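Just so it is clear, none of the values below were taken in a lab; they were calculated from the coordinates. Because the structure is predicted, anything quoted here is derived from the model rather than measured. Here Cβ is always computed from backbone atoms with ideal geometry, including for glycine, and neighbour counts include all displayed protein chains.
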């Protein structure tokens, strides 16, 4: 076994643990915020639609690195937002998760919106004929079907999110890529071996997501 | 289901007088929430002296902020993105053709390679390239970040472009391949003379939107490898112009948004031409497999 795999020297599992936790928290945030954004973009209130459109088109065109650095340099260090305080490590983690969620939500929103567009018009018309209002049409009839059609695109978004957690290393969150940076600087004779280990780690994280969500997608698909 | 813009709304009834009043109230409540958020942001910025005129004025009055920092940063960003695009296209085309090969022993390893290239975070590729160049190649340390950033981007986007190529060829009507076969073309000829030229038109929109991803990913090098692109300038400017971090971040973010909106508009125009042009098959690939 090569020396760099010694858990005493480098705690690989802890680093990947941070990556997984970061991915899970920001995925939860992105799914919730992305759904809200999608609802805003199809709502009958013009101001809400405008806000949703502007938010999505601005935020998804800003590089994630700018957002994450902005979270740390701007929101935290300049504006003094600590998100509940605690150690610098915890704050960095929360700032990164917030940035990742706000950024990924735009992609969740766009997938969901195409899902909403793929629901046949008759579904909403039937719901309205029964006297349901906008909120009921959306939450009881349209969104449940939209979610079932966009499982595969959402899986792609979540896999990108998992890879994007590496950007958190720019503000010093101790996730996998920061450890890799340290390791390839120290273990200069084994940089490709170190990289292979980390690449394998990411394949192990994203591949099961693709397989599981692929099965889920087939199981929940709406038959038409 | 049609979008709520244009045409009658689908998700809600045409609003009557009462519904319109309700919508107006909801709009006002939403406006109040937005105003509250904006007030908090401005209040905090005011407290921390981020609204002071001298923090924002340099961007309008001092030409040196632009000539010494922002424009060189923008140029480096565009250079790296253009270089990465130009190099990723042929690599992706080659891999894409290999993905469509009739022989399994070409197709299967390529597919594995492409999947691997897309599964690894770009940032990790850049870090590896940076270290590998430092050890194995005799590159001037000043230009090493550019090499590392471009190489990382080319590896990742080569794999993505390969997928776009494959999707572009598969999106063509099957009659094209059949017709080429019917006039006696072989597999390679069919690909080179019939399928690829048409597939290029079909995938131009997807390729253009992938360029947005490339532009955004150059910013990774700015933070981790001290690559002198746009984001890297934030720290330099705020060090020189009195800690105007928020102003710098805002300007840099807006520059990125403007650049990317330009590319998106271009993609939309190309897409509508590809869809409706008389010479095209109408086949279009719009989805980029990796929106990071």
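The table for this structure:
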{"quantity": "Two-site FRET efficiency, residue B:112 against residue A:136, from Cβ-Cβ distance with R₀ of 35 Å, rounded to 0.05", "calculated": "0.15"}
{"quantity": "Using distinct alpha-carbon pairs, which all enter the 1/r mean, Kirkwood radius of the protein assembly as shown in Å", "calculated": "24.9 Å"}
{"quantity": "Reduced Cα scattering model of segment A:82-183, Debye log10 I(q)/I(0), q = 0.14, 0.22, 0.25 Å⁻¹", "calculated": "-0.69, -1.05, -1.20"}
{"quantity": "Kirkwood Rh in Å, taken over chain A so that all alpha-carbon pairs contribute", "calculated": "19.4 Å"}
{"quantity": "Which of A:180, A:159, B:185 has the fewest Cβ neighbours within 10 Å, and the rest in rising order", "calculated": "B:185, A:159, A:180"}
{"quantity": "Residue order, fewest to most beta carbons within 10 Å, for B:102, A:110", "calculated": "B:102, A:110"}
{"quantity": "Cβ-derived FRET efficiency at R0 51 Å, residue B:239 paired with residue A:126, nearest 0.05", "calculated": "0.25"}
{"quantity": "Shape parameters for segment B:1-83, alpha-carbon atoms, Rg then Dmax in Å", "calculated": "22.8, 58"}
{"quantity": "FRET efficiency, residue B:103 to residue A:188 (Cβ-Cβ, R0 56 Å, nearest 0.05)", "calculated": "0.90"}
{"quantity": "Cα Rg over Rh - segment A:126-224, Kirkwood", "calculated": "1.25"}
{"quantity": "Principal semi-axes in Å for chain B [√(5λ), Cα gyration tensor, largest first]", "calculated": "41, 33, 15"}
{"quantity": "Inter-part distance where segment B:97-143 and segment A:126-153 are each reduced to a Cα centre, Å", "calculated": "43 Å"}
{"quantity": "Most mobile of A:79, A:48, A:183 in a GNM of chain A (Cα contacts under 10 Å)", "calculated": "A:79"}
{"quantity": "Sequence of A:83, B:195 once ranked by neighbouring C-beta atoms within 10 Å, starting from the fewest", "calculated": "A:83, B:195"}
{"quantity": "Residue B:82-residue B:35 pseudo-label distance in nm [points 7 Å out on the Cα-to-Cβ vector]", "calculated": "4.7 nm"}
{"quantity": "Simple label model, 7 Å out from Cα along Cβ direction - residue A:11 to residue B:60, nm", "calculated": "5.1 nm"}
{"quantity": "Estimated distance in nm for a label pair at residue B:94 and residue B:200, the labels positioned 7 Å out from Cα along Cα-to-Cβ", "calculated": "1.8 nm"}
{"quantity": "Estimated 222 nm signal from helices in chain B, with DSSP H stretches of n ≥ 4 weighted -39500 (n - 2.57), rounded to 500", "calculated": "-24500 deg cm²/dmol"}
{"quantity": "Quarter of Cα convex hull surface for segment B:1-158, i.e. mean projection, nm²", "calculated": "18.8 nm²"}
{"quantity": "Shielding of B:11-18 by partner chains, average beta-carbon count, 10 Å", "calculated": "5"}
{"quantity": "Highest-MSF residue in chain B out of B:211, B:191, B:45 [GNM, Cα springs under 10 Å]", "calculated": "B:45"}
{"quantity": "For segment A:27-74 and segment A:82-122, distance of Cα centres in Å", "calculated": "8 Å"}
{"quantity": "Gain upon complete extension [residue B:48, residue B:262; 0.36 nm per residue less C-alpha separation]", "calculated": "73.6 nm"}
{"quantity": "Residues in segment A:18-60 reached by a label modelled at residue B:20 [backbone nitrogen below 18 Å; 7 Å Cα→Cβ]", "calculated": "A:44-48"}
{"quantity": "Max mean-square fluctuation residue, GNM over chain A, Cα-Cα springs under 10 Å, options A:94, A:135, A:60", "calculated": "A:135"}
{"quantity": "Contact order normalised by residue count of chain A, Cα under 8 Å, 6+ apart, percent", "calculated": "28 percent"}
{"quantity": "Between segment B:185-242 and segment B:62-91, the Cα center-to-center distance that results, in Å", "calculated": "11 Å"}
